[in-house]
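There's a structure below that I have some questions on.
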Amino acid sequence: MGSRSRVAIGGILTECNHLGGLPIDMSAFEKTELLRGSEILRSETSVVGGMLSGLREQSVVPTPLLYASACSGGPITNDCYRQLRGELLERLDAVSPVDGVLLPLHGAALVDDMDDPEGDLIRAVRERVGLDVPVVVTLDLHANITAEMVRQADAILGWETYPHSDQFQTGVRGARLLLDMLAGKCRPTTACAKVPVITSAINGSTYGDDPFADLMRFTKSLESRDGVLSTSLFLIHPYMDVAGMGSGGLVVTDGNINLASELATEIAMRYWERRHDLEPAVHTPRAAIERGLEVDGGPVILVETADCCGGGAAGDSIATIAALADAQLDAVSYAPVVDPQAAAKCHAAGEGADVSVTLGHTLDPRWGRSRDFTGRIERLSDGRFTYTGGQWEASEADMGPSAVLAIGQLRVLIMSRATYDWSDEQFRSVGLIATEAKFIVAKNPMNYRHAYGDICKAAFVLDTPGPTPATLKHVEFKKLARPYFPADFDIEGLQPTLLT
């Protein structure tokens, strides 16, 4: 192993939703991140940047294939997936033979006619490179681990932080493990154990006293055991509808499948024991506003997680906007919504104009009705902004033609297209400063802590309609069979599902 080793890198990374959201097609990847061949080698951040860094540490020249990532949405269209998959595999065939393969994936992607595209892609790569070429996969910690993933990959490593901040480090870890395999230093064996706990990410932080943080600390402590190469903890992305979904642990050992199975099962049982702690307390928008008014100062964060673009929702809900408008507050509030028609009308009217718009539920109307609002256009924007961290750190993003509409003291940021909420980049790009607001609507179950954790006076999780709800108690799954928590609080004789 050395500078002559050839390690291929490529993948398709996005998170999908069966409950709602817009289909993910080629344009979604083209507007976000679609890198071919040598374009990948310029990556300096996130998981791909970490993989490149890890290879270069040992003077290994990477062999780039194709890498595509996009903000969450509904399932990837069949045509889009087959085009990306086909090109990645064609590029792999063109550079073969290779000594190893690194696959930066998500683990919660869906395709119109396929529930496990990651497993499908890993299998296709394995069929081409053979059993003797190491294949190492990295996944988001919200992945749904499948038997096919475990069977086809030599090792799987999950991101370790939420809000996500360690994609780069995970890429480095993946590259180092693969290079250790090539050097004959280890022979990974993998086991995953899952329990049917289907909860949102509200209590899923890996920091502080959150229950998931406690579970993550225990999971990572097992890496001190002799023969353990890596441990990962997974909180399922709960907005898929896939048979056998679950949360739990994955352990990679050096040739000891019994140890891997034992430790993964222990992680999963601890996860089951904490299931009730992972369910959030929720409030109606009106009740949360009333409680927020009792809090001195601001901002008070209204967490409308049911309309989370980062979880696959369209971002077009006005449930909390309507509640804030009806409250007729004296204090300033901020709220976002994706509505390209309303944004276009504001741009046609111009800054400073008074305008009446029909707002909300135009993209995914299953979750509510549009409503007419009248306000003054305070600011127009082309929608471009730059991420200050996370998966697309330092990358420019585009929410399309956008406008700030003042409805009394409520400032609504109307965007033309959904973008991932990492911090408060979208608000800041149009001059909406967090410290000047009493209430701020955040449509993300966790990343609002990045933006407002040091300054907010309180945060309330809302119970509103949408495809990314705070609780899964009332979702009627079709493929996921009962029993599962929280639909069933107790399951007699529960044993984790073990994948090896």
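Taking neighbour Cβ counts within 10 Å as the exposure measure, how do 291, 123 sort from fewest upward? Write out the running numbers ahead of the final one.
Working: 291 13, 123 17.
Final ranking by Cβ density, sparse to dense: 291, 123.
With everything on Cα atoms, drop me the angle between helix 257-273 and the longest principal axis of the chain, reported from 0 to 90° to the nearest 10.
20 degrees
Just to confirm my numbers, what's the Cα centroid distance between region 140-154 and region 242-308 in Å?
20 Å
Report the antiparallel proportion of the DSSP beta bridges in the chain as a percent, rounded to a multiple of 5.
Details: 41 of 80 bridges.
Counting DSSP beta bridges with both partners in the chain, the antiparallel share is about 50 percent.
Right, something else. Could you tell me how far the Cα centroid of region 466-490 sits from the Cα centroid of region 166-232, in Å?
26 Å
Arranged by the count of other C-beta atoms within 10 angstrom, fewest first, what order do 373, 439, 477, 218 take? Don't skip to the end; give the middle numbers.
Details: 373 22, 439 27, 477 19, 218 16.
Ordered from fewest to most neighbouring Cβ atoms within 10 Å, 373, 439, 477, 218 come out as 218, 477, 373, 439.
Turning to a different aspect of this structure: Could you work out [θ]222 nm for the chain from helices alone, using -39500 (n - 2.57) per DSSP H run of at least four and dividing by all its residues? Round to the nearest 500 deg cm²/dmol. All intermediate terms of the calculation are to be shown ahead of the outcome.
Values: 13 runs with 138 residues, N = 500.
Mean residue ellipticity at 222 nm (helix-derived): -8500 deg cm²/dmol.
Same structure again: Share of antiparallel DSSP beta bridges in region 285-461, in percent to the nearest 5?
Numbers: 19 of 35 bridges.
In region 285-461, approximately 55 percent of DSSP beta bridges are antiparallel ones.
Another question, then. Whose amide H sits under 5 Å from the amide H of residue 458, counting only residues 5 or more places off or on another chain, with H placed in the peptide plane?
The answer is 301.
Among rounded, prolate and oblate, which fits region 6-278 when a ≥ b ≥ c are the square roots of the eigenvalues of its C-alpha gyration tensor, a/c under 1.5 means rounded, and a/b larger than b/c means prolate?
Working: a/c = 1.64, a/b = 1.14, b/c = 1.44.
Cα axes put region 6-278 in the oblate bin.
Another question, if that's okay. In the structure shown, do any of 31/194; 443/473; 194/220 have a Cα-Cα gap over 26 Å, and if so which? Walk me through the numbers on the way to the answer.
Values: 31/194 35 Å; 443/473 20 Å; 194/220 17 Å.
Where the Cα-Cα span goes over 26 Å, the pairs concerned are 31/194.
Follow-up. For residue 438, give me every one of the lysines with a C-alpha distance below 26 angstrom, ignoring sequence neighbours fewer than eight places off in its own chain.
Here the lysines satisfying the reach criterion relative to residue 438 are 457.
Return the loop-located trypsin sites (Lys or Arg not before Pro) in region 207-262 (DSSP other than H, G, I, E, B) with at most 13 other Cβ atoms within 10 Å of their own Cβ; answer none if there are none. Don't skip to the answer; put the middle values down first.
Numbers: sites: 217, 220, 225; in loops: 225.
When the trypsin sites (Lys or Arg not before Pro) of region 207-262 are filtered for loop state and at most 13 Cβ neighbours within 10 Å, 225 remain.
Also: Along region 59-74, what does the Karplus equation 6.51 cos²θ - 1.76 cosθ + 1.60 (θ = phi - 60°) give for ³J(HN,Hα), rounded to whole Hz, x for Gly and Pro?
Each residue's phi maps through the Karplus curve to give 6, 8, 7, x, 10, x, 10, 9, 9, 10, 9, 8, 4, 4, x, x Hz.
Alpha carbon centre of region 46-86 versus region 353-390: separation in Å?
So the separation of the two Cα centres works out to 32 Å.
Return one number: the angle in degrees, 0 to 90 and rounded to the nearest 10, between the long axis of the Cα atoms of helix 78-95 and the longest principal axis of the Cα atoms of the chain.
Roughly 40 degrees, rounded to the nearest 10.
To continue, here is another question. Of the peptides 75-83, 227-235, 207-215, how do they stack up when ordered by the mean number of other Cβ atoms within 10 Å, highest first? Show your work: numbers first, answer last.
Values: 75-83: 18.8, 227-235: 23.2, 207-215: 16.9.
So the order, starting with the most tightly packed, is 227-235, 75-83, 207-215.
With everything on Cα atoms, drop me the angle between helix 211-221 and the longest principal axis of the chain, reported from 0 to 90° to the nearest 10.
The angle comes out at about 20 degrees.
For each of 456, 192, count neighbouring Cβ atoms within 10 Å of the residue's Cβ, then give the residues from fewest to most. Working shown, then result.
Working: 456 19, 192 30.
If I rank by nearby Cβ atoms, fewest first, I get 456, 192.
Taken together, the values in this text are just the output of simple stated rules run on the coordinates, not laboratory data. This is a predicted model, so every value here is computed, not measured. All Cβ positions, even for glycine, are placed from backbone atoms using ideal geometry, and neighbour counts span all protein chains on display.
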